[in-house]
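To start, the structure under review is shown below, and the notes come after it.
The values are calculated or read from the model by the stated rules, or taken from the named source; none is laboratory data. From a predicted model like this one, the values you see are computed outputs, not experimental measurements. Neighbour counts are summed over all protein chains in view; Cβ atoms, including those assigned to glycine, are modelled from backbone coordinates with ideal geometry. The accessibility values were calculated without ligands, DNA or RNA, using every heavy atom of the protein model including side chains. Shrake-Rupley method; radii C 1.70, N 1.55, O 1.52, S 1.80 Å.
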Amino acid sequence: MLRRHVLVPVAIASFALVAAGCGGTPASAGPPGVTGSGPAVSAQGAESPSGRTSSAPASDPVAPEEPAAQDPATGSATAGAASAARRCTAVGLSMRLGRADAGAGQIHYRLTFANKSTTACTLRGFPGVSLIKRDGSAIGVPAEREGAMRGRTVIGPGKTAEVTLHTLNQGITDSGCWSRPDYLRVYPPGSKEALTLRAPQLHICGDRFTTTAVDG
């Protein structure tokens, strides 16, 4: 009985020595619970280059992209501002009427729109132009359109655009002249609000009263 109890521990010790001699990574080579077939892990917990897992972030944060630089030679900044400009409104405009420019029986008046706002705006098309008396009643009929439609005109702060009013010299036709107006009432293209300007110098004759489209 004594011999049998002695042989059991000896047999267990012999088996352990045989297993160690057959090779393999000792358990003490890695953290507990990690076998020798898994990736090697550094003291900081990051995987070695040959491993497939890591406690480090997957990627570094990406900084926001800087806006693309604009080349002044291409005018891209101006084009961008033009595309973003709003339509001019009556409240943001002022007007002035130039003197009559007569020649060959034709009379032209330059009507100028000035942008009095602090941002650029645009005008495109024909204004609505009428002559009115002091009491607000109309004289004759509104100006007809003359000439072709033009492209959009961008008017910067403090800048101007214009149209040309056209009539005839007195006596060119059998038709007489209209009464002189007290005011000129003008609707900028696309606007439902009008501007009013004193214009006693405007004299329409020959039943000819037209306006061109806005031009810069």
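Key figures for this structure:
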read-out: Hits in segment 181-206 (condition: touching a residue at least 40 places away in the same chain (Cβ under 8 Å) and either under 20 Å from M149 (Cα atoms) or out of contact with any strand residue (DSSP E or B) (no Cβ under 8 Å at 6 or more places or on another chain) (or both)); value: V186, Y187, P188, P189, G190, S191
read-out: Strands (runs of 3 or more DSSP E) contained entirely in segment 94-173, each with at least 2 residues that are among the hydroxyl-bearing types (S, T, Y); value: 106-115, 160-168
read-out: Filtered residues of segment 177-193 (kept if open to solvent by 50 Å² or more (accessible area, probe 1.4 Å) and part of a loop (DSSP other than H, G, I, E, B)); value: S179, R180, G190, K192, E193
read-out: Subset tally (residues that are open to solvent by 70 Å² or more (accessible area, probe 1.4 Å) and either in contact with a helix residue (DSSP H, G or I) (Cβ under 8 Å, 6 or more places away or on another chain) or not aliphatic (A, V, I, L, M) (or both)) for segment 120-153; value: 9
